[in-house]
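The values are calculated or read from the model by the stated rules, or taken from the named source; none is laboratory data. Bear in mind that the values here come from a model prediction, so they are computed numbers and not experimental data. When we count neighbours, we look across all protein chains shown, and the Cβ atoms used for this are built from the backbone with ideal geometry, even at glycine. Only protein heavy atoms, including side chains, enter the accessible area calculation; ligands, DNA and RNA are left aside. Shrake-Rupley method; radii C 1.70, N 1.55, O 1.52, S 1.80 Å.
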Amino acid sequence: ATSVFDSNLLVYDVDSTSATYRMLLGQVDLGNAETFQVSFDPNDAAGQYVYVSMWANKQVKQVDVSTPATPKVTRTYKTDMDPEGVAFLDARWMAVADDLGDTLTLVDRTSSTVTSIPIDASEPLHGTEPSTLAYDALNKRLYATWSGRNAVAAWNVDTTQTPPTITPAGQMPTGWRPSDR
């Protein structure tokens, strides 16, 4: 867990059958506050890493939580402005919604390279604000809430390319400022 105003990532036991259930097991200082999301990669069956999007720092931090008492930051990936939602395309690629950057950052976790992709090349003005992401691995489709446009957008994803090809599939209007909450 993280807090917007604290720089620590806290590791708690959430196994209801464990003797340490609900106890704080460890923590690590992320260096700065203003986090948005902590995510486990569904492709990582061991749950070794969590990924923390850091609003103010334009980065996502990978934290090794395999030893809960001593979690450690193992990698930092640069993003565009105000990274928020994270989705995992496969065991290699991670997508990050850069809210105030109006971009997606594709992170190659194998080579530690990042690629910035504008989310709407046809729109010269900023204000789309992609905030949260969801990925449908079966249909190879990435979804993002567009908080600034009151819509949900979809892209077709081809992970056989390096970086993956993200092709617009459409958008659907929503109520004011959609999110995943």
Quiz item: Only one residue in D108, D180 is among the acidic types (D, E), in contact (Cβ under 8 Å) with a residue 40 or more places away in the chain and open to solvent by less than 10 Å² (accessible area, probe 1.4 Å), so which one is that?
Solution: D108
Quiz item: Across the range 26-46, which residue is nearest to T67 (Cα to Cα) among those that are of a type in the set (A, V, I, L, M) and surrounded by 16 or more Cβ atoms within 10 Å (Cβ to Cβ)?
Solution: V28
Exercise. With respect to G31, determine if the residue is assigned to a loop (DSSP other than H, G, I, E, B) and farther than 25 Å from Y135 by Cβ.
Key: yes
Quiz item: Is there any pair linking a residue in the range 7-25 that is in contact (Cβ under 8 Å) with a residue 60 or more places away in the chain to one that is in a loop (DSSP other than H, G, I, E, B), with Cβ under 7 Å and at least six apart or on different chains, and which?
Solution: L9/T2; L9/L30; L9/P71; V11/V65; V11/P68; V11/P71
Quiz item: Limited to the range 53-67, what total is found for residues that are exposed (fewer than 15 other Cβ atoms within 10 Å of the Cβ) and under 23 Å from L104 (Cβ atoms)?
Solution: 1
Exercise. With the condition kept exactly as written, say whether any residue in the range 65-86 is farther than 20 Å from A33 by Cβ and of a type in the set (D, E, K, R).
Key: no
Quiz item: Any idea which of (1) assigned to a loop (DSSP other than H, G, I, E, B); (2) open to solvent by less than 50 Å² (accessible area, probe 1.4 Å); (3) closer than 30 Å to L138 by Cβ is the one V50 doesn't satisfy?
Solution: (1)
Quiz item: Considering only strands (runs of 3 or more DSSP E) fully contained in the range 66-110, which possess at least 1 residues that are closer than 26 Å to G26 by Cα, of a type in the set (K, R) and at pLDDT 95 or above?
Solution: 72-78
Quiz item: Mind checking which pairs have a first residue in the range 153-175 that is within 18 Å of R92 (Cβ to Cβ) and a second that is of a type in the set (F, W, Y) and buried (at least 17 other Cβ atoms within 10 Å of the Cβ), Cβ under 7 Å, 6 or more apart or different chains?
Solution: T159/W93; P164/W93; I166/W155
Quiz prompt | Residues located in the range 135-176, provided they are open to solvent by 50 Å² or more (accessible area, probe 1.4 Å), assigned to a strand (DSSP E or B) and under 19 Å from P42 (Cβ atoms) | solution = R141, Y143
Quiz item: In this structure, does T70 turn out to be open to solvent by less than 40 Å² (accessible area, probe 1.4 Å) and β-branched (V, I, T)?
Solution: no
